[in-house]
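J.: Let me begin by handing over the structure; questions about it come next.
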Amino acid sequence: MSIHVTIKEILKPFNRQIKIPGDKSLSIRWALLASQAIGKSKAYNLLRSEDVLNALNGLKKLGVKIKLSRKYCIVNGLGINGFKYKKNLTIDAGNSGTFGRLILALLIKSPYKIKLIGDKSLSKRDFSRVINPLKEFGANFYPKNKSMLPIYIQGTKFVRPIKYYENIGSAQIKSCIMLAALNAPGATKIQAKKSRNHTEIMYKYLKLPIKTHSKKNFDLIEINGEKKINPINYNIPSDISSSAFFIVLTLLSKKSSLVIKDVNINSSRIGCISILNKMGANIVLKNKRNYKGEKIANIHVESKNHFKPINCPTKYNTSAIDEFLIIFLVAAKAKGVSYFKDLNELNKKESPRLKFGSKILNMIGIKTVLTENSIKIYGNPSLKLNKNFEMKNYLKDHRIMALCTVAALTLGGKWKIYDPESIKTSFPTFFKILKKDLGAKIN
């Protein structure tokens, strides 16, 4: 029998303070860079999701000693190109596009072929976006011209620095090149369309030889490789992408308020807050501070009765790409038509999210006009649900799972939502926080 959760009641009013687990992007990047450092790195508030655990298990297979306790994680780094390579090695990235793409960058000196595999969802995603620049560094991939998992990588003794134009706005591509550059003598130069900049911030904090120059539409990055990395002790801030579901949950609930503590509010990640505030929310960032180059704050949010539609500026696309699904739910309650465009990248995530988001809105009675890369949402401010909903066919995607849960807890109806375990890839304590901290009745 398939596992599912049942939700029959909307949330009662709440006034609470919560703590969200560590940022997934930072957790994976910390683990990868700690593996390249010389000595012992320690992290608190590391996200214990399946994606991060797959990253740690992959590093262990490469000879990295890791201790994971209830409070912290210790990685004993082996230095740049210090991995202990074995023949016939297979690394499983699970559902994690971030780990799957970034680990390839650290394998470009492997003397043996290493097989990279992933789950069914990850095996449908395009890896040519990192294979192409890594080939320029000198890495080899097999089978030739294959762009999806499973694939084999074999490194080279002669890694060369490259010049690369990244025009998608993908932090994974940019970070992959930056990690590969650690193994390349000389200067690697990247012109990258704007995207999240956690890797650059970590490099600067570690005093690695990096130069960055910000232009209007892109960043110029230069890295000189083959330098020693010192251990990285880190208290990982809370994840803004996971926080977004609780922000919208509060906005759409009645007479409620919420404080989410110590959240990463990096400017390349908070497009969702800018968009929601333009739609009439009043999300306030308090106790702002700087932590090792990252900005963190407490997020204060209160219920809202009325929302304005938005013609969403595309400048927010890269900084809100993981949050658009939950933003669409607010657009469904706005008075008027909201328009979101140039969102082709949304269909290249764990599922075709633009298409699936539109289907879910249609299912709850909201009209949409969908193209390959845009959506118009015809909002209904008085939207209330009283039907039965069975969500079955697209819930292997953790963010769709969370979207349906927020809809059920705020709009009404009786919901049966399948594959709740998918949430473990990014936010394993999602249901625990809903039930224990906010009183949600979820069976």
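J.: Calculate how steeply helix 240-252 sits against the longest principal axis of the alpha-carbon atoms of the chain, using the helix alpha-carbon long axis, and give the answer as 0 to 90 degrees to the nearest 10.
T.: 0 degrees
J.: If you stretched the chain out fully between Lys40 and Val284, how much longer would it get, using 0.36 nm times the residue separation minus the C-alpha to C-alpha distance?
T.: The Lys40-Val284 span can extend by a further 84.1 nm.
J.: Compare the Cα positions of Asn388, Asn347, Ala139 along the charge dipole of the chain (+1 at Cβ of Lys, Arg; -1 at Cβ of Asp, Glu; about the Cα centre) and return the one farthest towards the positive end.
T.: Ala139
J.: GluC sites (Glu not before Pro) within the range 349-397: which are DSSP loop residues with at most 11 other Cβ atoms inside 10 Å?
T.: Glu372
J.: Here's a follow-up. Distance in nm between label sites at Lys135 and Asn386, each 7 Å beyond Cα in the beta-carbon direction?
T.: Rounded to a tenth, the inter-label distance reads 6.0 nm.
J.: Between Ala187 and Gln17, what is 0.36 nm times their sequence separation minus the Cα-Cα distance? Round to one decimal in nm.
T.: Gain on extension, Ala187 to Gln17, equals 56.6 nm.
J.: Given Cβ point charges of +1 (Lys, Arg) and -1 (Asp, Glu) and nothing else, what value in debye, to the nearest 20, does the dipole of the chain about its Cα centre take?
T.: 460 debye
J.: Let me ask something additional. Contact order normalised by length for the range 24-226, with contacts defined as Cα pairs under 8 Å and 6 or more residues apart; what percent is it?
T.: 16 percent
J.: Do the alpha carbons of any pairs in Lys355/Lys432; Lys71/Lys304; Lys288/Lys435; Lys84/Lys227; Lys12/Lys261; Lys174/Lys261 sit beyond 27 Å of each other, and which pairs?
T.: Lys355/Lys432; Lys71/Lys304; Lys288/Lys435; Lys174/Lys261
J.: Also, I was wondering about something else. Output the 0 to 90 degree angle, nearest 10, between the alpha-carbon long axis of helix 398-411 and the longest principal axis computed from the alpha carbons of the chain.
T.: Tilt of helix 398-411: around 20 degrees.
J.: What FRET efficiency would be calculated for the residue pair Thr212, Ile3, taking the C-beta separation as r and a Förster radius of 45 Å, to the nearest 0.05?
T.: 0.50
J.: In addition: Taking other Cβ within 10 Å of each residue's Cβ, how do His300, His398 sort, fewest first?
T.: His300, His398
J.: Please work out how much length the chain gains when fully extended from Lys315 to Ile117, using 0.36 nm per residue of separation minus the C-alpha to C-alpha distance, in nm with one decimal.
T.: Answer, rounded to one decimal: 67.9 nm.
J.: I would also like to ask the following. Please give the charge dipole size of the range 24-226, origin at the Cα centre, charges +1 on K and R Cβ atoms and -1 on D and E Cβ atoms. Round to the nearest 20 debye.
T.: In total the dipole reaches around 280 debye.
J.: Highest first, please rank the peptides 87-95, 22-30 by the mean number of other Cβ atoms sitting within 10 Å of their residues.
T.: 22-30, 87-95
J.: Considering the options Leu68, Leu208, Thr429, tell which one lies farthest towards the positive end of the dipole of the chain, charges being +1 on Lys and Arg and -1 on Asp and Glu at the Cβ, about the Cα centre.
T.: Of Leu68, Leu208, Thr429, it is Leu68.
J.: A further question follows. With θ set to phi - 60°, apply the Karplus curve 6.51 cos²θ - 1.76 cosθ + 1.60 along the range 134-150 and write out the HN-Hα couplings as whole Hz, x wherever there is a Gly or Pro.
T.: Per residue, the Karplus-derived 3J(HN,Hα) values read 5, 4, 5, 5, x, 6, 10, 10, 9, x, 4, 6, 8, 10, 10, 5, x Hz.
J.: Taking the Cα centre as origin and putting +1 on Lys and Arg beta-carbons and -1 on Asp and Glu beta-carbons, what dipole magnitude results for the range 381-439, to the nearest 20 debye?
T.: 140 debye
J.: Any idea what the relative contact order of the chain is, in percent, if you count C-alpha pairs under 8 Å spaced at least 6 apart?
T.: 19 percent
J.: I've got another one for you. Hey, what number do you get for the chain at 222 nm if only DSSP H runs of n ≥ 4 count, each worth -39500 (n - 2.57), divided across all residues, to the nearest 500?
T.: -8000 deg cm²/dmol
J.: Specify the angular offset, from 0 to 90 degrees and rounded to the nearest 10, of the alpha carbon long axis of helix 50-61 from the longest principal axis of the alpha carbons in the chain.
T.: 10 degrees
J.: Give me the one-decimal nm value for the distance between modelled label points at Tyr165 and Asn88, 7 Å along each residue's Cα-to-Cβ direction.
T.: Distance between the two pseudo-spin positions: 4.5 nm.
Computed from the coordinates by the stated procedures, all read-outs in this text should not be read as laboratory data. It should be emphasised that the depicted structure is a prediction, and the values quoted were computed from it without experimental measurement. Every residue, glycine among them, receives a Cβ derived from its backbone with ideal geometry; neighbour counts consider all protein chains shown.
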